[in-house]
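None of the figures in this text is laboratory data; all of them are computed from the coordinates on show. Fair warning: this is a prediction, and the values are worked out from it, not measured in the lab. Every residue, glycine among them, receives a Cβ derived from its backbone with ideal geometry; neighbour counts consider all protein chains shown.
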Amino acid sequence: MDRLLHLDRTLDELDPTRWADPAGDATHLVRKVHALRHVPMGELRPADLRTLISQRVADC
């Protein structure tokens, strides 16, 4: 499978379980991570990837 085929898809699409919206009193970091799950993979910046990795989002 060509991994580059999924750069237009989001983590929310690729990760098996879709996340519910963050709680109203969620921290900035929680809201940011939830928002990043809706950004196409090809548009994630290095800082975005660092945040997702450090929070172990979609950890295999």
Counting all Cα-Cα pairs in region 3-54, those more than 14 Å apart amount in percent to 53
When only C-alpha pairs under 8 Å and at least 6 residues apart count, what is the relative contact order of the chain, in percent? 41
In what order do His38, His28 fall by count of nearby beta-carbon atoms within 10 Å, going from fewest to most? His28, His38
Given the -39500 (n - 2.57) contribution per DSSP H run of 4+ residues, what per-residue ellipticity at 222 nm results for the chain, rounded to the nearest 500 deg cm²/dmol? -9500 deg cm²/dmol
What's the longest uninterrupted piece of the chain once you rule out the trypsin sites (Lys or Arg not before Pro) that are loop residues per DSSP with at most 11 other Cβ within 10 Å? 19-55
Show me, for region 15-21, the HN-Hα J-couplings you get by feeding each phi into the Karplus relation (A = 6.51, B = -1.76, C = 1.60, θ = phi - 60°), rounded to Hz, glycine and proline as x. 7, x, 9, 6, 7, 6, 4
When a footprinting reagent is the concern and you count Cβ atoms within 10 Å, what order do Asp12, Asp25 take, fewest first? Asp25, Asp12
